[in-house]
Amino acid sequence: MAVRTEPHPAYQGKVVSWLTTTDHKRIGILYICTSLLFFVLAGLMGLVIRLQLMQANGDVVDPQRYNELVTIHGTSMVFLVGVPILAGFGNYLVPLMIGAHDMAFPRLNALSYWLFAFGGAVLMLSFFAQGGAAQAGWTSYPPLAEQTAGHGQDLWILSLHILTASSIAGAINFLVTIHNLRARGMTWTRMPLFVWSIYVYAWLLLAVLPVLSAAITMILLDRGLELGGWEIQTSFFDPAEGGNAVLYQHAFWFFGHPEVYIIVLPAFGIISEVLPVFARKPIFGYKAIAFSTVAIGFFSMLVWAHHMFTVGLPISLQAYFMIASMVIAVPTGMKIFNWLATLWRGNLAFDSAMLFALGFLSIFVVGGLTGIYLAAFPIDWQLHDSYFVVAHFHYTLFGGVVFAIFAGLHYWWPKMFGRMLDERLGKLSFWLLFVGFNLTFFPQHLLGLEGMPRRIATYANESWEGYNTLSTVGSWVMGVAILAFVVNVLVSRNGPRVGNDPWRAYTLEWYTTSPPPPHNFDDVPYVTSPRPLYDLRRRLREREGARGAA
Amino acid sequence: MRALLSLAGLVSLVLVAAPAALAQGSFAPVEPASPNAEGIRSSYLFVSIFILAIFVLVEGALIAFILKYRRRRRARFADGAQIHGQTRLEILWTTLPVVVLFLIAAFVFIELPGIKNVPEAGASGELEIRVTGRQYYWQYEYPNGVIAIDRMRAPVGVPVRLTVSAPDSDVIHSWWIPALGGKIDAIPGRVNETWFEADRTGVFEGQCAELCGVGHAFMTASVEVLPEAEFAAWLEERRQAQTTGDVALGEETWEGVCAKCHGLAGQGALYRAVAGSAVLRDPQAVETLVRNGRRTMPAVGAGWTAEQIDALNAYLKESPPGGS
């Protein structure tokens, strides 16, 4: 049980109480707001990238600045948006969903948040460092990452080290919380699927982040540093001194591929919560979905070299990594079919949260399917590092994760703030985002097939101009969609108030008030299935029915 | 049931029409000009059959369910059918993808030898070219010592083996001419191999596919495929010229190595202007500069032969950038 005492009077001011909070709900909201801020910043970088590529020989920014933007856009979207915003949802929801009063370690939780905020600040401010921000891409392959002058790359490494520490602390906190603080009756197979996804997310973070830390530390040492008169200069990745540049890629992708699932699995978890509520059905195949989450997490650690099919690995290894990557498609397919079956014979209501969830389904399928081309290694020799890959991972990470996050924001907003978001604005931002997204990223498949490599600051080939212009126009439509969401948030301050459970949902967070009190629950019902509130309502109906009959 | 049947009909229609439709227009890799690119393209089209079928199946079901099970006049919170799952369905949609993936993997392995293995050489033998990726140019070395930059010449109908690498002091690049096959990375300290056998003459364009620094976007490559006799003549002409200060190689060097950063007329591009600089008029200074680099300029000419340096100087003397 978490210990809770009244905060010291000095810490009760409106701002100070947020800065010093150890309440998981406030920390969750801080995580989500900070991540959304980084989402806007990194999104603006994306808009500049699109502006630069709108026409052939574009010169909105110079090539060095372009490489900085590409690097920080990618790094931020993964480390400052994807991982932490889901940590935010996890923080807010896991204790509520399992009927706990807080996370297991509230102060460690606050530390995780503040490390994340400072790590993010380091990355964003690195634009002002000597020599500009890091320029070697979010993957930062050596030798390039070791040869770029200035401090941008060093700050990139520092920032990732801080963020890693934040995530490790957060992951341990989630695991201890989920293991120990579940309500009475909540066995593993009665746990909400979102909690399952955060559980696997946390194990994956623990398993793979140390490998990333090791890899980027080796880059730091290879770049050379001076510590109190000691000069350290290693050559892990420098072939001139007997190092191996490909070694880094193995280490990076051993982390990097699971990282994709670290972000995608909790997004899946959000979808598994939203669909049943708006279909008025239980999730189809609860155990299959929970099992596939674990299976995806496990297999994601065995497929890393499918990002390295062009480095000249032996064919036998490439064949193994192709087959292992294809194996992941099976549990992913299971999820998609189970979600579809959840809609079957439902009573579907199309509120904004549901629209975003359905949009997620339709887009994520495309991202999953194009992954099969890339897993087939000879086809990847043609498509690797082309715009086809850029399109593929935006279909999974933007179309998948961002749509799921918006589904989650629209769904849980009334719980977090006690007021509804506006439905008309919500639907407007959904349709703009859906159309803008496909307009931006679908043509990029075709650019890749035509031979346009990713990460080029400009191009002379005018036959690529048409698709690029379409893509840029699409990015503006997405910009307007995000603007509509921001307006919605501002307007919602005067939105209609809601009770405990505006959606008649199924999980425990809707049992308490909106927003919940600091201690979450006065009492928690005994959990009899994955849908404790559905069971409660049914029992209530039965009792009323019995009384009526009598 | 009728809905299911029509969905199945739609899926089979896609199965038949898909590859033909994709092969038109830009929904497949570029028109191949070499057997390995051809093999990759047919693998792509084969995979597309399944991908499109699954796409139509899933999106079709999604749209059908959205239309069929929307609320209409039902109460907002009325229960849908309380179905928790079905084991037989779970087994079905776990095993079906396994079968599809097995077929795809099998097809890939059938096509693989034609993509990976260099074909048997015909009467005119085969050609081996060393490809070196450097910031920000491609250097080619032919067996007789001829050096070329950025534009490779190759004979039609002859298997061309490429050994692809990068100097130890450089960064990773990636060799990619889409019409002539997949890409292969040029990695310092490692030698990779690939090949092509062009089936027609013409110029095939490509560019570096691995982020290699500020000049990445400008690191273009092209392969000019010539009739065999024409290629042989070109190779011989270049070999002889190279012994006497090859102006053609010098021009390629200026355009490929120097001009990407300093501008074709030395007017400055990614980096400073050099037109009219005294260094360009002093062969010794040019050699020192390109061999060692200076400040932000990398040693672009480290490892060059004396002939290559001479060629650059000969070109600079004949047509100094930006006029004399």
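Couple of notes before you dig in:
- Screening chain A for whole DSSP H helices of 15 Å or more along their axis (Cα) with average Kyte-Doolittle hydropathy at least -0.5 returns A:24-53, A:83-97, A:106-125, A:152-180, A:193-223, A:245-279, A:286-299, A:315-343, A:352-375, A:403-417, A:423-449, A:465-491.
- Alpha-carbon geometry of the range B:247-323: the Rg and the Dmax are 11.0, 29 Å, given in that order.
- Contact with the other protein chains removes 50 Å² or more of accessible area, compared with the isolated chain and a 1.4 Å probe, from these residues of the range A:415-457: A:Leu449, A:Pro453, A:Arg455.
- Cross-link partners for A:Lys335 among the aspartates and glutamates, with Cα-Cα distance under 14 Å and sequence neighbours closer than 8 places in the same chain left out: A:Glu273, B:Glu90.
- Restricted to Cα atoms, chain A shows a radius of gyration and a Dmax of 23.7, 90 angstrom.
- Nearest-ten-degree value, helix B:87-116 long axis tilted from longest Cα axis of chain B: 30
- Largest GNM mean-square fluctuation across B:Pro227, B:Pro143, B:Pro119, computed for chain B with C-alpha springs under 10 Å, falls on B:Pro143.
- Extension reserve of the B:Leu89-B:Phe102 stretch, reckoned as 0.36 nm per residue once the Cα distance is removed: 2.7 nm
- Taking amide H atoms as placed 1.01 Å from N in the peptide plane, the amide H of A:Gly418 has no partner under 5 Å among residues 5 or more positions away or on other chains.
- Solvent-accessible area, 1.4 Å probe, carbon plus sulfur percent, for chain B: 60
- 16 Å cut-off, amide nitrogen to a point 7 angstrom out along A:Arg493 Cα→Cβ, residues in the range A:14-40: A:14-15
- Long-range HN-HN contacts of B:Trp138 with modeled amide H, under 5 Å: B:Asp150
- Phi to ³J(HN,Hα) by Karplus 6.51 cos²θ - 1.76 cosθ + 1.60 over the range B:55-64, Hz, x for Gly, Pro: 4, 5, 4, 6, 5, x, 4, 4, 5, 4
- FRET efficiency for the pair B:Arg239 and B:Val203, taken as 1/(1 + (r/R0)^6) with r the Cβ-Cβ distance and R0 = 25 Å, rounds to 0.65.
- In order along the range B:275-292, the Karplus-derived 3J(HN,Hα) couplings, from 6.51 cos²θ - 1.76 cosθ + 1.60 at θ = phi - 60°, round to 4, x, 5, 5, 4, 5, 8, 10, x, 5, 5, 4, 4, 4, 5, 6, 6, 10 Hz, and Gly and Pro are given as x.
- Alpha-carbon centroid distance for the pair the range B:21-96 / the range A:446-485, whole angstrom: 25
- Loss of accessible area when B meets A, both sides summed, Å² nearest 100, probe 1.4 Å: 7300
- Computed over chain B with a Gaussian network model linking Cα atoms closer than 10 Å, the most mobile of B:Thr305, B:Thr220, B:Thr194 is B:Thr305.
- Considering only B:Ala28, B:Ala81, B:Ala53, the Gaussian network model of chain B with Cα springs below 10 Å gives its largest mean-square fluctuation to B:Ala81.
- Drop in accessible area of at least 40 Å² in the complex versus isolated chain, residues of the range A:379-400, 1.4 Å probe: A:Ile379, A:Trp381, A:Gln382, A:Asp385
- FRET E, pair A:Ser17, A:Ala121, Förster distance 22 Å, beta-carbon r, rounded to 0.05: 0.50
- Helical mean residue ellipticity (222 nm; -39500 (n - 2.57) per DSSP H run of 4+; nearest 500) of the protein assembly as shown: -19000 deg cm²/dmol
- The phi torsions of the range B:244-260, fed into the Karplus equation with coefficients 6.51, -1.76 and 1.60 and a -60° offset, translate into couplings of 10, x, 6, 5, 5, 5, x, 5, 4, 5, 4, 5, x, 9, 8, 5, 4 Hz, rounded to whole numbers, with Gly and Pro shown as x.
- Pairwise FRET efficiency - B:Arg74 versus A:Arg541, Cβ, R0 = 22 Å, nearest 0.05: 0.80
- Length-normalised contact order for the range A:24-549 - Cα pairs under 8 Å, 6+ apart - percent: 17
- Annotation: amide H of A:Gly243 within the under-5 Å range of A:Asp238, sequence separation 5 or more or interchain, hydrogens built in the peptide plane.
- On a per residue basis, the protein assembly as shown carries 39 Å² of accessible surface, using protein heavy atoms and a 1.4 Å probe.
- In this Cβ point-charge picture (+1 for Lys and Arg, -1 for Asp and Glu), the protein assembly as shown has a dipole of about 5600 debye about its Cα centre.
- Here the Debye sum runs over all C-alpha atoms of chain B as equal scatterers in vacuum, and log10 of I(q)/I(0) at q = 0.09 Å⁻¹ comes out as -0.63.
- Taking the Cα centre of chain B as origin and assigning +1 to Lys and Arg Cβ atoms and -1 to Asp and Glu Cβ atoms, the resulting dipole is close to 2460 debye.
- The alpha carbons of the range B:184-229 give a radius of gyration and a Dmax of 13.5, 39 Å, in that order.
The values are calculated or read from the model by the stated rules, or taken from the named source; none is laboratory data. All values derive from a computational prediction rather than experimental measurement. All Cβ positions, even for glycine, are placed from backbone atoms using ideal geometry, and neighbour counts span all protein chains on display. Quick note on the areas: whole protein, heavy atoms, side chains included, nothing else; ligands and nucleic acids left out. Shrake-Rupley method; radii C 1.70, N 1.55, O 1.52, S 1.80 Å.
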